[in-house]
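Below is one structure, written out as structure tokens, with a few remarks after it.
The values are calculated or read from the model by the stated rules, or taken from the named source; none is laboratory data. The model shown is predicted, which means the values in this text are computed figures rather than measured ones. Cβ placement follows ideal geometry from the backbone for every residue including glycine, while neighbour counts extend to all protein chains displayed. Protein only, heavy atoms only, side chains kept; ligands, DNA and RNA dropped before computing areas. Shrake-Rupley method; radii C 1.70, N 1.55, O 1.52, S 1.80 Å.
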Amino acid sequence: SQKIEQNSEALNIQEGKTATLTCNYTNYSPAYLQWYRQDPGRGPVFLLLIRENEKEKRKERLKVTFDTTLKQSLFHITASQPADSATYLCALDHTGTASKLTFGTGTRLQVTL
Amino acid sequence: DTEVTQTPKHLVMGMTNKKSLKCEQHMGHRAMYWYKQKAKKPPELMFVYSYEKLSINESVPSRFSPECPNSSLLNLHLHALQPEDSALYLCASSQDAAGTYQPQHFGDGTRLSIL
């Protein structure tokens, strides 16, 4: 069956360091992958989208990579700040049904001073 | 502030009640979605509307009834819910739904509690 797993339920890092979050999937052939941020009591907020033919995408301090051979995406936040503390979700489309997103299990990132 | 507005923010209802959740967006998006999210779990897709027509129903029990009166509004009618239906219900929209790579814009949800 199809599965999307994010490396850890929680990740604690020090301010200024780079946070790296992992999204692994099995039995999928996604055309694209999205990353969202969710704060407690709020809805997810879209951050980045990467297509299957793109290796890397950047936006300010954020970088996403997509390796369709390894079936993995990495999400990096450089120079992390306490304000980056949130849950980060990866989401994949279902091949042939572009509107149907399935979310990964999420990683709760805590950035400390 | 999000561009997708959901009301009410909180709802407590008994198992025999009938209530509705409302969602509104004014971004001109033609696809709208309902998701259910339990605590510490990811959102799970329930319904997709594309150009005001229901295009995906993820085998959701009939006690949940979606409605899209126009391109800006999405309702979720609730009737005879069970305690396990207590969750955060999220609405989302995207520019369109089919064959394009569109990010989804989420509201902040309705926190539903079934007594």
B:Gln82 and B:Lys41 label points (each 7 Å along its Cα→Cβ direction) are spaced in nm at 1.2 nm
Per residue, accessible area of the stretch A:48-113 with a 1.4 Å probe, heavy atoms of protein chains only, in Å², comes to 48 Å²
Taking every other residue with Cβ under 14 Å from the Cβ of A:Val111 and scoring Lys and Arg +1, Asp and Glu -1, one gets +1
Computed over chain A, the distribution of all Cα-Cα distances in 5 Å bins, rounded to whole %, is 2, 12, 24, 25, 20, 10, 5, 1, 0
For chain B, any Cys whose C-beta has no other cysteine C-beta under 4.7 angstrom counts as unpaired, and these are B:Cys68
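Normalised by the number of residues in chain B, what is the relative contact order in percent for Cα pairs under 8 Å and 6+ residues apart? The partial results should precede the final answer.
On the way: 290 pairs, mean separation 43.3, N = 115.
Value for chain B: 38 percent.
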With B:Lys36 itself left out, Lys, Arg at +1 and Asp, Glu at -1 over residues whose Cβ is under 13 Å from its Cβ give 0
Most fluctuating of A:Ser80, A:Ser29, A:Ser99 in the GNM of chain A (C-alpha, under 10 Å) is A:Ser99
With 0.36 nm assigned to each residue of separation and the Cα-Cα distance removed, B:Ser55 to B:His26 gains 8.4 nm
Of B:Cys91, B:Cys23, B:Cys68, the most mobile residue in a GNM of chain B (C-alpha springs, cutoff 10 Å) is B:Cys68
For the protein assembly as shown, the Debye formula with one identical point scatterer on each Cα and no solvent gives log10 I(q)/I(0) at q = 0.07, 0.09 Å⁻¹ as -0.22, -0.37
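How much net charge surrounds B:Ser72 when only other residues with a Cβ under 14 Å from its Cβ are counted (Lys, Arg +1; Asp, Glu -1)? Numbers along the way, then the final one.
Details: positive: B:Lys22, B:Arg30; negative: B:Glu3, B:Glu24, B:Glu52, B:Glu67.
Net local charge, B:Ser72 excluded: -2.
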Percent relative contact order for chain A, counting Cα pairs under 8 Å at least six residues apart, stands at 36 percent
